[in-house]
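Colleague: Sharing a structure below in structure tokens format, with a few things to ask.
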Amino acid sequence: MSLQPLAMDATLFISDLHLSEERPRTVERFFRFLEEDARGARSLYILGDLFEYWIGDDDLEDPFNARITRALAETSRAGVEIVFLHGNRDFLVGDRWAAAAGARLIPDPTQVELYGAPTLLMHGDTLCLDDKPYQAFRAQVHDPAYQQQFLSKPLPERRALVLSLREQSMRAKEQKSEAIMDVTPAAVEEVLRRHGYPRLIHGHTHRPARHLHRVDGRFCERWVLTDWDEGRGGFLRVDASGCRAVALH
């Protein structure tokens with residue numbers, strides 16, 4: 001819970017919750033966040049990996065998925081704008097889910113104006129260029145033909161395939177260095193330059209922090225959102241005074 005009530009004129013950012021039935025404490029923390037913190041905000045931006053995995057909008061009837069979706073819809077009906085940007089775990093979230101959750105889908109990257117500050121929003125995985133095996137996998141699963149083929153399979157087959165891929169990914173991570181799974185500095189500089197030196201907010205790396213980059217003589221702020229794993233969680237609060245990371249317990 002945040003230490004003080006949030007003013008209505010605030011925008012909140014979260015990412016990397018990896019919600020699943022296997023993480024009940026994280027799920028309950030998310031529901032408390034929606035009821036106690038998000039209800040006082042203008043907008044809630046979810047910058048990817050809300051779900052541990054998403055195998056298609058036709059899985060909306062799954063009781064767990066339906067519960068999460070209903071909670072977001074209630075928050076939307078309470079007057080909070082819900083905005084969703086895909087992550088590497090839930091890139092198959094589509095229009096049907098968005099309609100059910102009362103959410104608006106945005107592409108990665110998206111640039112917005114937040115209280116007078118140009119702000120670039122990303123999930124963050126496209127900045128990790130040194131992790132070449134991951135980038136090759138990402139290119140494969142984002143191919144429209146691959147996605148169409150995957151979505152044509154029965155739900156149980158899709159679920160089994162995703163769980164198998166998740167286990168392979170976890171084993172592969174154990175063999176990678178910490179540095180290779182972080183952002184590539186040159187990629188960060190390039191994207192900041194291409195978008196006119198904005199503030200950058202992203203997740204994915206599970207390394208929450210505030211960074212200050214000097215690019216072409218200009219200083220750019222980069223906020224990395226916290227993940228909600230291992231008992232921690234939180235959000236970034238942005239208003240006219242700037243950004244503030246808020247921890248949840």
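The values are calculated or read from the model by the stated rules, or taken from the named source; none is laboratory data. Since we're looking at a predicted model, the values are computed, not measured. Methodologically, a virtual Cβ is constructed for each residue, glycine included, from the backbone with ideal geometry; neighbour enumeration extends over all protein chains shown. Ligands, DNA and RNA are excluded from the accessible area calculation, which covers all protein heavy atoms including side chains. Shrake-Rupley method; radii C 1.70, N 1.55, O 1.52, S 1.80 Å.
Colleague: Any residue in the range 59-74 that is under 14 Å from Leu92 (Cβ atoms) and open to solvent by less than 20 Å² (accessible area, probe 1.4 Å) sitting within a Cβ distance under 6 Å of a residue that is modelled with pLDDT of 95 or more and not in a helix (DSSP H, G or I)? List the pairs, counting only those 6 or more apart or interchain.
Modeller: Close Cβ pairs (under 6 Å, with a partner that is modelled with pLDDT of 95 or more and not in a helix (DSSP H, G or I)) do not exist here.
Colleague: Right, next: Would you say Ala245 is surrounded by fewer than 17 Cβ atoms within 10 Å (Cβ to Cβ) and assigned to a strand (DSSP E or B)? Walk me through it before giving the result.
Modeller: Details: surrounded by fewer than 17 Cβ atoms within 10 Å (Cβ to Cβ): yes; assigned to a strand (DSSP E or B): yes.
Judged against the criteria, Ala245 is a match.
Colleague: Of the conditions (1) closer than 23 Å to Gln147 by Cβ; (2) among the hydrophobic types (A, V, I, L, M, F, W, C); (3) in contact (Cβ under 8 Å) with a residue 40 or more places away in the chain, Ala101 clears all except one; give me its number.
Modeller: All conditions are met except number (3).
Colleague: Could I ask something else about it? Out of everything in the range 223-242 that is touching a Phe, Trp or Tyr at 6+ places or on another chain (Cβ under 9 Å) and assigned to a loop (DSSP other than H, G, I, E, B), what residue ends up being nearest to Pro24 (Cα to Cα)?
Modeller: So in the range 223-242, the residues touching a Phe, Trp or Tyr at 6+ places or on another chain (Cβ under 9 Å) come out as 223, 225-226, 228, 233-242.
Going one step further and asking which of them are assigned to a loop (DSSP other than H, G, I, E, B), we end up with 225-226, 228, 240-241.
Numbers: Leu225: 21, Thr226: 18, Trp228: 12, Ala240: 35, Ser241: 35 Å.
The selected residue is Trp228.
Colleague: Of all the residues that make up the range 129-174, how many are farther than 18 Å from Asp108 by Cβ, in a helix (DSSP H, G or I) and open to solvent by 70 Å² or more (accessible area, probe 1.4 Å)?
Modeller: Matching residues across the range 129-174 total 13.
Colleague: If a residue has to be buried (at least 19 other Cβ atoms within 10 Å of the Cβ) and under 17 Å from the mean Cα position of the chain (by Cα) to count, how many in the range 75-90 make the cut?
Modeller: Just the residues of the range 75-90 that are buried (at least 19 other Cβ atoms within 10 Å of the Cβ), to begin with: 75, 80, 82-90.
So of that shortlist, the ones also under 17 Å from the mean Cα position of the chain (by Cα) come out as 82-90.
Total satisfying the criteria: 9.
Colleague: Out of (1) among the basic types (Lys, Arg); (2) touching an Asp or Glu at 6+ places or on another chain (Cβ under 9 Å); (3) surrounded by 16 or more Cβ atoms within 10 Å (Cβ to Cβ); (4) within 21 Å of Asp239 (Cα to Cα), what's the single condition that is false for Arg104?
Modeller: (3)
Colleague: Could you check the range 140-187 and list, in sequence order, the residues that are within 21 Å of Leu60 (Cβ to Cβ) and among the aliphatic types (A, V, I, L, M)?
Modeller: Answer for the range 140-187, where residues must be within 21 Å of Leu60 (Cβ to Cβ) and among the aliphatic types (A, V, I, L, M): Val141, Leu151, Leu155, Ala160, Leu161, Val162, Leu163.
Colleague: Follow-up question, since we're still on this one. Tell me which residues, restricted to the range 188-204, are on the phi < 0 side of the Ramachandran plot and open to solvent by 10 Å² or more (accessible area, probe 1.4 Å).
Modeller: First pass over the range 188-204, keeping only residues on the phi < 0 side of the Ramachandran plot: 188-195, 198-203.
Matches in the range 188-204: Glu189, Glu190, Arg193, Arg194, His195, Arg199.
Colleague: Scan Arg104, Arg96 and give me the residue that is basic (Lys, Arg) and over 20 Å from Ser15 (Cβ atoms).
Modeller: On the way: Arg104 fails: over 20 Å from Ser15 (Cβ atoms).
Going through Arg104, Arg96 in turn, the sole match is Arg96.
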